[in-house]
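Worksheet for the structure shown next.
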Amino acid sequence: MTPETIIQVENLTKRFGQFTAVDAISFEVKKGEIFGFLGANGAGKTTAIKMLIGLSRPTTGSGKVAGFDIGKQAEQIKKNIGYMSQKFSLYNDLTVAQNIRFFGGIYGLSTKKIKEKIRVILTELDLQSVAKKPVAALPLGWKQRLAFAVSMVHEPEIVFMDEPTGGVDPSVRRQFWENIYQAAAKGRTVFVTTHYMDEAEYCDRVSIMVDGKIEALDTPNNLKNQFNATSMDEVFLKLAR
Amino acid sequence: MAVIVAEHISKSYNDVPALTDISFAIENGELFGLIGPDGAGKSTLFRILTTLLLADNGQGYVAGHHIVDEYKEIRKKVGYMPGRFSLYQDLSVEENLSFFATIFGTTIKENYNLVRDIYVQLEPFKDRPAGKLSGGMKQKLALCCALIHKPEVLFLDEPTTGVDAVSRVEFWDMLKKLKEKGIAILVSTPYMDEATRCDRIGLIQKGKILSIDSPQRMITNFNKPLFAIRTRKIYQTLNVLRRADFTHSALPFGECIHLTTTQPLVASKIKEYVVDNGITVEDVLPVKATVEDVFLDLSKTLETQS
């Protein structure tokens, strides 16, 4: 694992009884990359991610995330990554500032650091005017950007996002991707799972899982050339059908 | 003949407008897509037209019947697939279908020809509880249940949300076949890329219809110069473009940036401008608009007006 690599897994496998959910997958993700992790429902995406973020132990195979071993250092991984799910892990009845303070506390930041973080996030997202409002009162797009910022409150080198923008307004979705590009431009790695193929086009590189295996991995442009397709949707259909 | 008619329908929830002055007419055998993001008002409109919710203002007719005065007639003649999976999770596939047939006073056998193409895919799992099906299979079963009484009109509220790309394509193929059988279909979706599968679409946002037309005409009528810009530095390029006086809008669009300009320009001029600002650009090409470009442009106009 070079200093430029943030995820490296080899032959990562997870079996449940006779069923192999993840079948010997190997890949690397570089620092600062926006990496799309794609697959149909039931292809094994969720199981694979659970292993990457320290929630599930691999049956066989090995790997490192943010410099820690996924078999032996699961707790270290959890402290050193960010995670944002599609359900926005924010507390609706807490205010914007309280949410930031809460998650800062969970990740063990000092009181001083938390104060600074509240100030920085509110300024960057232009949320000062609603700092004392409950999160429930915010429009969806703002919640989403806040959830993203909160997932990075402890300044992790990598953030995992589980289907971040499904069903969202096209213009809100674009603002959100700009936030992702901004984070990546600062050197942060973003690992995105989605089954919306148009979203895949925004990533630097994507992998496509079919029946527990990674069947393709490249830039969206190279994949389209390789499969003689005009969109990632077409690439996906050719692989998964 | 129009089988679904909405005339100036409005609805508010506690002073928050959900629908404002919605009017359209859907013809017999037409596949009409209502396209808009979460919260645009799609489900509210579906519930009003299927007689499950009262509008504050306006009239509506479905299959020739008034949505309030003749709601009982409408309920017999429409098939409705709500956005949330609403079948009985603990009944098997076959029991669910049989239940819906019985409720409408018919049998699976009587209308089997209508659901056959879809149901054969479910038949290997007919004894499985509906709750244990995959997302794509659940949608297929829900469609069968909405069809089993041979409705004249089909209302499908976001049938492809949360369903993977393969199942989505299969689902649209099925809708095409149903339409050929003469059933009018009103379908909603948040996915702009599904728009081209419809005969006509209505773009909806914040409770207002932005435009109604065939997807092809909507694209042809897009009248701003549009360019796709490919670069590895998307974030930096967006910032540079937004400072340019020729820019109308610059937005990330998958692998590229889509730029609309306020005046006709040659692509090389745009490339020059970005390169002069110290950013490497792979290429700049004039491109045809997609439905998503149209939506973004119209919703931007709506925002500037309000």
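The values are calculated or read from the model by the stated rules, or taken from the named source; none is laboratory data. Keep in mind that what you see is a predicted model, and the values were worked out from it rather than measured. Quick reminder, even Gly has a Cβ in these numbers, built from the backbone with ideal geometry, and neighbours come from all protein chains shown.
Could you tell me which residue of the stretch A:225-241 is modelled with the lowest pLDDT, considering only residues that are facing chain B (nearest Cβ under 9 Å) and assigned to a helix (DSSP H, G or I)?
This residue is A:240.
Based on what the data block shows, is residue B:59 part of a helix (DSSP H, G or I) and touching a residue at least 12 places away in the same chain (Cβ under 8 Å)?
No: the conditions fail for residue B:59.
Residues checked against (1) within 13 Å of another protein chain (Cβ to nearest Cβ); (2) buried (at least 23 other Cβ atoms within 10 Å of the Cβ); (3) touching a Gly at 6+ places or on another chain (Cβ under 9 Å):
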| position | (1), (2), (3) |
| --- | --- |
| B:157 | yes, no, yes |
| B:161 | yes, no, yes |
| B:187 | no, yes, yes |
| B:190 | yes, no, yes |
| B:199 | no, no, yes |
| B:205 | yes, no, yes |
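Within the stretch B:254-266, how many residues turn out to be at pLDDT below 95, in contact with a Pro (Cβ under 9 Å, 6 or more places away or on another chain) and within 22 Å of residue A:221 (Cβ to Cβ)?
Summing the residues that are at pLDDT below 95, in contact with a Pro (Cβ under 9 Å, 6 or more places away or on another chain) and within 22 Å of residue A:221 (Cβ to Cβ) in the stretch B:254-266 gives 2.
Residue by residue through the stretch A:211-222, note down the ones that are within 12 Å of chain B (Cβ to nearest Cβ), touching a residue at least 12 places away in the same chain (Cβ under 8 Å) and either in contact with a Phe, Trp or Tyr (Cβ under 9 Å, 6 or more places away or on another chain) or over 25 Å from residue A:12 (Cα atoms) (or both).
Within the stretch A:211-222, just A:220 meets the criteria.
With (1) of a type in the set (D, E, K, R); (2) more than 11 Å from chain A (Cβ to nearest Cβ); (3) closer than 17 Å to residue B:260 by Cβ as the list, and residue B:230 as the residue in question, which single condition is left unmet?
Failing condition for residue B:230: (2).
Select from the stretch A:7-45 the residues that are of a type in the set (Val, Ile, Thr) and in contact (Cβ under 8 Å) with a residue 60 or more places away in the chain and write down the one among them that is surrounded by the fewest Cβ atoms within 10 Å (Cβ to Cβ).
Taking the candidates together, the pick is A:20.
Where the second residue is buried (at least 18 other Cβ atoms within 10 Å of the Cβ) and assigned to a loop (DSSP other than H, G, I, E, B) and the first is in contact (Cβ under 8 Å) with a residue 40 or more places away in the chain and among the aromatic types (Phe, Trp, Tyr) and lies in the stretch A:57-86, which pairs have Cβ atoms under 8 Å and are six or more apart or on separate chains?
Correct list of pairs: A:83/A:53.
Checking the condition buried (at least 18 other Cβ atoms within 10 Å of the Cβ) and free of Cβ contacts under 8 Å to residues at least 60 places away in the same chain, which residue from B:250, B:267 passes?
B:250
Restrict the check to the stretch B:110-131 and report whether at least one residue is among the small types (Gly, Ala, Ser), in contact (Cβ under 8 Å) with a residue 60 or more places away in the chain and surrounded by 21 or more Cβ atoms within 10 Å (Cβ to Cβ).
no
Checking the condition within 11 Å of chain A (Cβ to nearest Cβ) and free of Cβ contacts under 8 Å to residues at least 40 places away in the same chain, which residue from B:223, B:239 passes?
Residue meeting the stated conditions: B:239.
Name the single residue that is surrounded by the fewest Cβ atoms within 10 Å (Cβ to Cβ) among those in the stretch A:165-205 being facing chain B (nearest Cβ under 8 Å), among the acidic types (Asp, Glu) and part of a helix (DSSP H, G or I).
Once the filter is applied, the top-ranked residue is A:178.
If we keep just the residues of the stretch B:42-56 that are outside any helix (DSSP H, G or I) and either modelled with pLDDT under 95 or of a type in the set (A, V, I, L, M) (or both), which is nearest to residue B:151 (Cα to Cα)?
B:52
Kindly establish whether residue B:262 is surrounded by fewer than 18 Cβ atoms within 10 Å (Cβ to Cβ), in contact (Cβ under 8 Å) with a residue 12 or more places away in the chain and either farther than 22 Å from residue A:177 by Cα or β-branched (Val, Ile, Thr) (or both).
yes
Would you pick out the residues in the stretch A:137-151 that are under 13 Å from residue A:99 (Cβ atoms) and part of a loop (DSSP other than H, G, I, E, B)?
Answer for the stretch A:137-151, where residues must be under 13 Å from residue A:99 (Cβ atoms) and part of a loop (DSSP other than H, G, I, E, B): just A:138.
Go through the stretch B:37-50 and count every residue that is within 14 Å of chain A (Cβ to nearest Cβ) and at negative phi.
The qualifying residues number 5.
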